[in-house]
Each structure stands twice: as C-alpha cells, then as structure tokens.
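Read the structure below first, then the notes.
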Amino acid sequence: MINDIIAIIQDYWLLLLIGQYPNGPLGGLANTLILSALSIGLAFPFSILLALARLSKWSFLRWPVTVLVYVTRGVPLLMLILWSYFLVPLLTGADVPSFVTMLTTLVVYQAAFLSEVVRAGIVALGHGQMEAAKALGHGYFGAMRFVILPQALYNMIPSILSTFVSTIKDTTLGYVINVPDLTFAASQVNNQLLTQPFQVFLILAVIYYAICWSLTHVAYRLERRITRRRAGLTGVRPTAVIAPVKIVSEQL
Amino acid sequence: MTLPVSPHDARAIRISHVSKQYGDYQVLKNIDAEVTRGEVVVICGPSGSGKSTLIRTINRLEEINSGSISFDGQDIHAPMKTRELNRLRSRIGFVFQSFNLFPHLSVVENVSMSPVRVKGIARDVAHDQALRLLDRVGLADKANAYPGQLSGGQQQRVAIARALAMEPPVMLFDEPTSALDPEMVGEVLAVMKSLAADGMTMLCVTHEMGFARDVADRIWFIDAGQIIEMATPEEFFTNPRHPRAQRFLADLRH
C-alpha cells in the first residue's frame, strides 16, 4: 500500500505538480495554487466593497448588492459554476476558458460569503469608533481605512480564514468544467492506473490537507502576533522584563 | 498654547433657533444661545433633557430639523460638501463619554494619526506634537501603551490629547467623566481645568457641579429640550430662578 503510493508519486509527480505543461496547459498543484491565490486575492477586496455597499445609506447601491449576496449565498456553488460555464458563452458568444469561468465564479461566490463576515465585523464595532473618526475630521473612506477596517478585519480573522480555506477546497469543483487543477490531474492518474483509486485519492487528500493546514497555521500565528503586539508584549518592554530575569538566573 | 483668534467675531459658536425631533418627540425646542471666545460653558440638566443631543449637533454628529449653528462664521448645518464638513469638524474638538479611543493604535498613534491623515502634517512632526500633548495630560510615559492597558481616567486624558492634536479653537465635552470610577474623575477634571485656564473655549455637558462652580463662566440649564436658565455659576448655585433648576439643585444635594 505504502509502496503503491510511493510508486504513484514517483511515476506521476510531475503530472500532479504541473499537469501536462509544457505540452498542454498548466495544471496540477501549480494551477490549484494559482487559482486559489487569485480567487482569494480578488475575492477579499471585492468582499470589502460588497460589505460597504451593503452598509451604504444609498439604496441604489445597497439593494442590488443585497440581492446579489442573497442569491449567491442561496445557490450551491456547483450550480453557479455550471450556469457560468454554459450561459456565459451562450449570452456573449465568447469562448471563455474554463479557468477564467471558474475563477470568476469563485470570486463572486466567496466574495458574497466574505462580505457578510466583513459586514458583521464592521457592525460589531458599534457607532463610537466611526463617530470619533468623524469628530476628528476624517472622511468616510479615511475613517474606514484607518479606523474601522483595521479593527473589523482583525476581529474577523478566524472567519475570514475559514472562508479562504473553503475557497481552496472549492477549487476542486473546477473538475466538472475541466479546469486542469490538482483534482483533474489526480483523476487522470486514476484513469491510467484504474486499479488504485484509494491510493491516488489519498495522495490528493493529503496534499489538500497540507495546503489548508499551512494556511490555517500561518494565520493563527499572525493573529497571535497581533494580539501580543496590542497587549504591549513586544517592543521595548519585554527586554526590560526579561533582562532582570536573566540576571537572576545567572546569579543562581 | 496659543489659540487662533479671528478678529471679525468674538462669538465662537452661535446657536440660532435650533429644533430637533425624533418622530413625535421634540428633543430640542428652539434653542438660542452663543458661546464667546475663551468662554467656558457648562451645560447641565436632568437626564433625557437633551444636553448630549445639543452638544452633538454642534459638530453635526446629530442633524437638526430647523435653525442654524454657526461656527467660524459658517453654518455647520447648511448643505455643504462632506469635505467642507470634515474640515469644520476637524476644528471642533470633541470628547466622548465612552472615550472611543482607537484600540488598534498605540496611545501616541491615537494622538498623531489624525493630524497626519486629515491635516497632512509630517509624521515625525505629528509624533513630537503628540508626545508634548501626552506630557501635558500627564501621560508621557504611556505613549507606547495601547488603550486597553490604560485605566478609564487615563483613556479619557488620551482622548483629550487626541482632540487637542487637531489644534481646535473650541472643545466640546460630552459627559467626559460619567463613565469613570469616582477616583478617576479628578484627574480628568484637572486636565479640563488647565485647558480652561489656558483660555480654551469650552462647552461641557457634565454632572460635576464642583467643576461647574469653579471653572464655568456660564451655566446653561436645560430641561425638556429648552435652555430654561443661563447664569453665572454664582447666580445659578446660590439663587436659581427657575423652579425646575431649584429642584435639580436640591436633588443633587441629597
């Protein structure tokens, strides 16, 4: 069993890593990472815009975005992917690569979820912070950028992170519209071997777990660092606190 | 600290016929009053009388339904570009009951952030100014602490320094000591007293009658949305004319 897995990795590591590149499109793990990074990178700022629109006092901004968020959240992702895959070419006549279809759908879908997280973070802060910023002469965007969002986003790191992780996991659905990602590569391997699906998909699961776990871990450490900084545990003080302790231990 | 003095008008704030209602409830009824430069006005009155609402209309944290409030010769409630409103607000210092410090910024950043971001002052200049202001409110040693590490009294003194950093000609205080433990009230009042002694124009909503007696030039007594008595502290405390003010003072003595 272990030997099977090692053999599969030895034979197919390049396919799992980069797909059929350079003879075909870039695929495999590389493409999964690129798709995930782009989705998260685009969905995050987009979600902030959606959240601000949802909180806007202008109904012409608030209503369409509210509808978008509700509809997107109320429909399975797979359904959205199939819609964009079949409908966009029909409506526009353009031949959209499946990677772009998948990326766009993921960005809209995850941004809708994230926007609710961001909105909750902003609302949870209460009016006091915005009023204080206004009273000091900050405009709306200045207050958002320097006062509200740094706090709201920080408070929401755990929720934001779990959305990031689910974005990575959702890239696997690209398989159904032939996005050449890691899952696609693994199923190619499986199709060639035919007899070892358990081994192949175990490798797949381990790789996804490693990526998602690393992201969770990085964010956890980031969160702890910010918490420590805000509690005043870094900077000049710790040396002052630690130094005497060291002297004491040396004397002992 | 030198205060900018505009030669054309001795009035810092002019409140004319200001009314405000929430639905059927009339919070402010035709308020007419003015604050001259360098004057310290204490607004007092029973809770729910509209004192906080009144002071919040002066920098337009609350809108009004009719009337006008002029500051710097400009009606702050006139239709105007938000940029213009922000500029006016940046020249009116405001201290909140609940401090509202920015918890994600250190104390010195709390004080220096708005001069940098709103007025465009160089970062190091704003930093030095912030340190001077913190020294003035007695918190120079807390410059690198975060608001969460400070006591209520210390937080409120930082909030005062933060407002002063914009160099406003006028300071508004909305019950600055009401959220504090009793032993911390004194340190905040001391800072306010020293501001008043330096000639700052101040408008304070407060229940601290000792402060009102010692520092105020005039007292406005508000009840049910109306200023029913304007008097010097001496007149107000020894010989209040309005029966409602008499009752208020009698209640305070108990």
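Derivation of every value follows stated rules applied to the coordinates shown; laboratory data play no part. Remember, predicted model here, so these are calculated numbers, not experimental data. Positions of Cβ are generated from backbone atoms using ideal geometry, with glycine treated the same way; all protein chains shown enter the neighbour counts.
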* Quickly work out the B:Ala224-to-A:Thr227 label distance, labels modelled 7 Å from Cα along the C-beta direction, and quote it in nm with one decimal. => 5.4
* How many angstrom separate the Cα center of region B:189-239 from the Cα center of region B:122-161? -> 26
* Asked: Using Cα atoms only, what is the angle between the long axis of helix B:243-253 and the major principal axis of chain B, expressed in degrees (0 to 90) to the nearest 10?
  -> 50
* To do: For B:Asp181 and B:Asp214, calculate 0.36 nm times their separation in residues minus their Cα-Cα distance, and state this gained length in nm to one decimal.
  => 9.8 nm
* **Sparsely packed trypsin sites (Lys or Arg not before Pro) within region A:1-64, loop by DSSP, other Cβ within 10 Å at most 13** => A:Lys57
* Asked: Quick one: Cα centre-to-centre distance for region B:82-109 and region B:22-75, in angstrom?
  -> 19
* **Of B:Ser90, B:Ser66, B:Ala122, farthest towards positive along the dipole that unit charges on Lys, Arg, Asp, Glu beta carbons give region B:49-153** => B:Ser66
* **Local electrostatic count at B:Gly93 - Lys and Arg +1, Asp and Glu -1, tallied over other residues with Cβ under 12 Å** => +1
* **Mean separation of Cα contacts under 8 Å (6+ apart) over length of chain A, as relative contact order %** => 25
* Quick one: if you stick a label point 7 Å off each Cα along the C-beta vector at B:Asp24 and A:Met1, how many nm between them? -> 7.6
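Pairs of alpha-carbon atoms within less than 8 angstrom and 6+ residues apart define the contacts here; what relative contact order does region B:12-160 have, in percent? Don't skip to the answer; put the middle values down first.
Numbers: 177 pairs, mean separation 28.1, N = 149.
Reported as a whole number, the value is 19 percent.
Would you mind checking A:Lys57/B:Lys20; B:Lys51/B:Lys142; B:Lys29/B:Lys81; A:Lys134/B:Lys29; B:Lys20/B:Lys142 for any pair whose Cα atoms are more than 30 angstrom apart?
B:Lys51/B:Lys142; B:Lys20/B:Lys142
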* Which translational diffusion coefficient, to the nearest whole µm²/s, is obtained for region A:107-150 from the Stokes-Einstein equation, given a Kirkwood hydrodynamic radius over C-alpha pairs, 10 °C and 1.306 mPa s? -> 142
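Return the Rg/Rh ratio of chain A with Cα-based radii and a Kirkwood Rh. The partial results should precede the final answer.
Details: Rg = 23.5 Å, Rh = 21.3 Å.
Rounded to two decimals, Rg over Rh is 1.10.
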* **Computed over the protein assembly as shown, Kirkwood Rh from alpha-carbon pairs, angstrom** => 27.2
* Answer with one residue from A:Phe86, A:Trp63, A:Met144: the one whose Cα lies farthest towards the positive end of the charge dipole of chain A, charges on Cβ with Lys, Arg +1 and Asp, Glu -1. => A:Met144
* **Inter-site label distance for B:Gln246 and B:Ala122 at 7 Å from Cα along Cβ, in nm** => 6.3
